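Heads up, the thing below is written out as structure tokens.
The values are calculated or read from the model by the stated rules, or taken from the named source; none is laboratory data. The shown structure was predicted, so the numbers you read here are calculated from the model rather than taken from an experiment. Cβ placement follows ideal geometry from the backbone for every residue including glycine, while neighbour counts extend to all protein chains displayed.
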Amino acid sequence: MKRLFATCLLFLGGALHANASDRGAFKSAYAAQDVELDTDPRSAFWQGAPLVYAEVDSWGHVLPGYRTQVSSRWTKNNLYLLFQCPYEELYLKPTPNAVEETYGLWKWDVAELFIGSDFHNIRRYKEFEVSPQQEWIDLDINLDLPDHTVGWTWNSGFQVAARIDTKAKIWYGAMRIPFAALDTLPPAPGRSFRANLFRSQGPPEHRKEIAWKAPMSNTFHEPERFGVLTLAGDQ
């Protein structure tokens, strides 16, 4: 009975935390200057940055062992994100290429940002991915096309950094995305974007799909389920 009661409390606590996280927007804190990409969450740049957690599967069930912390900052030129990704077993491309774009990177372990500036046509947005081996891909998504992956030839000019802490079983992925690739309007405090955060983890036989906002679908590409990323002022 005690074990059952404890299990119920653990489940309820996780569900409440997920619901609380779901209600909040993803905020990005302003930084006065651009910096070199940094995957250390203890660095001065990332200290105090707002964060959210991607911790549910595609159907909204909590995945406590894969709770992915995502922090964000922004400057007048770029949007920065840092993913902290606990893993059980990495599924890595055998021949990684960190210099050129990797088509099909989503088949392997990756962290992803989907983001759009158009609140009227929500089926148009951008997709950014980084792998534990510092591979990357960016896509200009148009869900009204027969094959929305044709947008992979688009080039945003974004940059990535990544590292794997094998002892702690966490990998870190950072992104720096030019605002010019997201919209024609300049960034400013209070500006909002439609966004979602995802991670794919592990080999196909026990693959985990991890989300900030559950798409409630077998695909991440459900823009009506996106949340909101807002550019905050000085922290």
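Only one residue in Y125, Y80, Y87 is among the aromatic types (F, W, Y) and more than 15 Å from F198 (Cβ to Cβ). Which one?
Details: Y125 fails: more than 15 Å from F198 (Cβ to Cβ); Y87 fails: more than 15 Å from F198 (Cβ to Cβ).
One residue alone meets the criteria, Y80.
Screening the candidates V62, V99 for the property of being closer than 15 Å to I210 by Cβ, out of contact with any Pro (no Cβ under 9 Å at 6 or more places or on another chain) and at pLDDT 95 or above yields one hit, V62. Taking the criterion of being in a loop (DSSP other than H, G, I, E, B), touching a strand residue (DSSP E or B) at 6+ places or on another chain (Cβ under 8 Å) and of a type in the set (S, T, N, Q), the residues of region 153-185 that qualify are N155, S156. The residue that is farthest from the chain's Cα centre (by Cα), counting only those in region 97-142 that are over 23 Å from T68 (Cα atoms) and among the aliphatic types (A, V, I, L, M), is V99. Of note, A98 does not satisfy the criterion of being closer than 30 Å to P186 by Cβ and in contact (Cβ under 8 Å) with a residue 12 or more places away in the chain.
Select from region 44-67 the residues that are in a loop (DSSP other than H, G, I, E, B), touching a residue at least 40 places away in the same chain (Cβ under 8 Å) and of a type in the set (A, V, I, L, M) and write down the one among them that is farthest from A25 (Cα to Cα). Among them, the one singled out is L63.
Condition check for P189 on (1) over 19 Å from the mean Cα position of the chain (by Cα); (2) in a strand (DSSP E or B): one failure, at (2). Is it the case that some residue within region 173-184 is surrounded by fewer than 21 Cβ atoms within 10 Å (Cβ to Cβ), more than 19 Å from D34 (Cβ to Cβ) and touching a residue at least 24 places away in the same chain (Cβ under 8 Å)? So far as region 173-184 goes, no, none of its residues is surrounded by fewer than 21 Cβ atoms within 10 Å (Cβ to Cβ), more than 19 Å from D34 (Cβ to Cβ) and touching a residue at least 24 places away in the same chain (Cβ under 8 Å).
Consider region 143-179. How many of its residues are over 21 Å from A98 (Cα atoms) and under 19 Å from the mean Cα position of the chain (by Cα)? Total meeting the criteria: 2.
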